[in-house]
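Notes follow the structure.
The values are calculated or read from the model by the stated rules, or taken from the named source; none is laboratory data. Keep in mind the model is a prediction, meaning the values are calculated, not measured. All Cβ positions, glycine included, derive from the backbone under ideal geometry; neighbour counts span all protein chains shown. These accessible areas exclude ligands, DNA and RNA; they are computed on the full protein's heavy atoms, side chains included. Shrake-Rupley method; radii C 1.70, N 1.55, O 1.52, S 1.80 Å.
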Amino acid sequence: MTITYQDKQLKVILTDIEGTTTDISFVRDVLFPYSAKHLAAWVRNNLELPVTQDILQQVREFSEKSNLDVEGCISQLINWQSEDKKITPLKSLQGLIWQEGYDKGELKAHIYPDAVEYLKKWHDIGLTLAVYSSGSIAAQKLLFRNTPVGDLTPLFSGYFDTNTGSKKESQSYTAIANEFSVLPQEILFLSDSPQELIAASAANFNVCGLNREAVNVDNDKFTYVNNFSQIQEKILIENA
Ligand SMILES: CSCCC(=O)C(=O)COP(=O)(O)O
Ligand SMILES: [Mg+2]
């Protein structure tokens with residue numbers, strides 16, 4: 001069985017998380033407040049770990065304040081967190097904090113049931129599935145490992161985060177296509193973010209927008225759907 005999209009055979013489906021597989025409110029109202037609450041104590045309690053020292057060094061580099069002390073770095077991280085900045089050291093730290101939350105049973109991931117159903121279906125018919133999120137790769141794996149329907153990580157063959165580049169830059173998508181050794185035209189990217197769809201499309205990816213809240217979308221450039229079932233119904237064609 002093969003799947004085509006606008007007459008092109010698809011090999012890879014690359015998905016965003018927040019607003020696409022997962023409710024925005026889970027990320028903004030559960031995950032972000034959890035990391036905000038524990039951020040300062042986590043850094044102070046784990047100062048001796050090499051990963052913490054790496055994060056602090058990256059904070060100094062990204063902020064271009066080379067002499068920030070530990071408390072200065074914590075303040076910078078808290079500011080970035082409150083502005084929802086997708087900056088690598090913050091995203092790495094959030095992943096470490098969420099790991100404790102999942103391990104203690106204080107966090108359980110959200111994933112839309114339609115995303116589960118169609119990710120499984122696409123995996124089972126041989127499509128390669130991958131994730132591209134601003135959340136760190138560790139945070140992505142935690143989320144898909146801790147869903148209410150169990151561990152979904154076996155479905156995915158690749159994970160990409162801000163270490164590959166910004167999701168709003170087309171070069172990031174070119175790098176991902178190269179990683180899979182497929183043509184951009186053989187990849188379908190799913191996201192709720194118009195800027196991400198524009199960047200992926202500029203790299204010649206096929207794109208589909210997710211509009212989970214079914215709001216009026218002022219964009220006739222891309223196809224928008226409300227859920228994964230509509231991706232299957234509206235844009236993919238199965239060939240026996
Ligand atoms: C990996 S779950 C947390 C998602 C996150 O931290 C984030 O910033 C959302 O980014 P996305 O690219 O998935 O919209
Ligand atoms: Mg998103």
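Taking the criterion of being more than 12 Å from ligand 2 (Cβ to nearest atom) and part of a helix (DSSP H, G or I), the only residue of the stretch 1-25 that qualifies is 25.
Among the residues of the stretch 175-203, those that are under 20 Å from residue 234 (Cα atoms) and hydroxyl-bearing (Ser, Thr, Tyr) comprise 191, 193, 201. Any idea which of 69, 124 is free of Cβ contacts under 8 Å to residues at least 12 places away in the same chain and within 22 Å of residue 10 (Cα to Cα)? Answer to the selection: 124.
Scanning the stretch 1-27 for residues that are more than 19 Å from residue 118 (Cα to Cα) and either under 17 Å from the mean Cα position of the chain (by Cα) or surrounded by 15 or more Cβ atoms within 10 Å (Cβ to Cβ) (or both) returns 24, 25, 26, 27. Note on the stretch 28-49: residues that are under 18 Å from the mean Cα position of the chain (by Cα) and either surrounded by 19 or more Cβ atoms within 10 Å (Cβ to Cβ) or more than 16 Å from ligand 1 (Cβ to nearest atom) (or both) total 2. Within the stretch 22-47, residues that are closer than 19 Å to residue 73 by Cβ sit with their Cβ atoms under 8 Å from residues that are of a type in the set (Gly, Ala, Ser), at 6+ positions apart or across chains, in these pairs: 36/82; 38/101. Of 217, 182, all but one fail to be farther than 21 Å from residue 137 by Cβ and either in contact with a strand residue (DSSP E or B) (Cβ under 7 Å, 6 or more places away or on another chain) or modelled with pLDDT of 95 or more (or both); the exception is 217.
Restricted to the stretch 126-172, and to residues there that are open to solvent by 20 Å² or more (accessible area, probe 1.4 Å) and β-branched (Val, Ile, Thr), the residue that is farthest from ligand 1 (Cβ to nearest atom) is 128. The residues on offer are 201, 193, 181, 229, and the sole one that is farther than 19 Å from residue 21 by Cα and open to solvent by less than 80 Å² (accessible area, probe 1.4 Å) is 201.
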